[in-house]
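> Supplied in structure tokens, the structure appears directly below.
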Amino acid sequence: QVQLVESGGGLVQAGGSVRLSCVASGISVSANAMTWYRRAPGKQRDLVAIITSGGTTNYADSAKGRFTISRDNAKNTVYLQMNSLKPEDTAVYYCNTDRGRFHYWGQGTQVTVSS
């Protein structure tokens, strides 16, 4: 059974930093593409960053230069380091992976950036 558990969210001031974690079980983060999405209030869920099984990373334009996705294979954990946070980064952040036709999501972690 695949399970993704996010943590690390909270309230942070604009310009600050937060590191989100996604602990995976039932899959190997090194063998699967892992993705961070976010859903801001009243908006659709948007992709933030992805790390492939080969280690290639890609980012939404809004995240480039500020966010870094990484993984620790030994801990089977994916991270999202978010720096220079802005109020518009306020959202629930979700960890995701797909296996065939199945899509797995964590419960999400709230990040609130105050101005």
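> Defining a contact as two alpha carbons under 8 Å apart and six or more residues distant in sequence, what relative contact order in percent does the chain show?
Relative contact order comes out at 36 percent.
> Taking all protein chains as present, what is the carbon and sulfur share of the accessible area of the chain, in % to the nearest whole number, probe 1.4 Å?
About 46 percent, which is the carbon plus sulfur part of the accessible surface.
> Here's something else I'd like to know. Once you charge only the Cβ atoms, +1 for Lys and Arg and -1 for Asp and Glu, what is the size of the charge dipole of the chain about its Cα centre, to the nearest 20 debye?
Using Cβ point charges on Lys, Arg, Asp and Glu, the chain gives about 80 debye.
> Related question: What distance in nm lies between label points placed 7 Å from Cα along the C-beta direction at residue 13 and residue 45?
3.3
> Pop the C-beta distance of residue 58 and residue 88 into the FRET formula with R0 = 30 Å and round what comes out to the nearest 0.05.
0.90
> Now for a separate question. Any idea of the accessible area per residue across the range 4-66, 1.4 Å probe, to the nearest Å²?
Result: 51 Å² of accessible area for each residue.
The values are calculated or read from the model by the stated rules, or taken from the named source; none is laboratory data. Being a predicted model, the structure only gives us computed values, none of them experimental. Virtual Cβ from ideal backbone geometry, glycine too; neighbours counted across all protein chains shown. These accessible areas exclude ligands, DNA and RNA; they are computed on the full protein's heavy atoms, side chains included. Shrake-Rupley method; radii C 1.70, N 1.55, O 1.52, S 1.80 Å.
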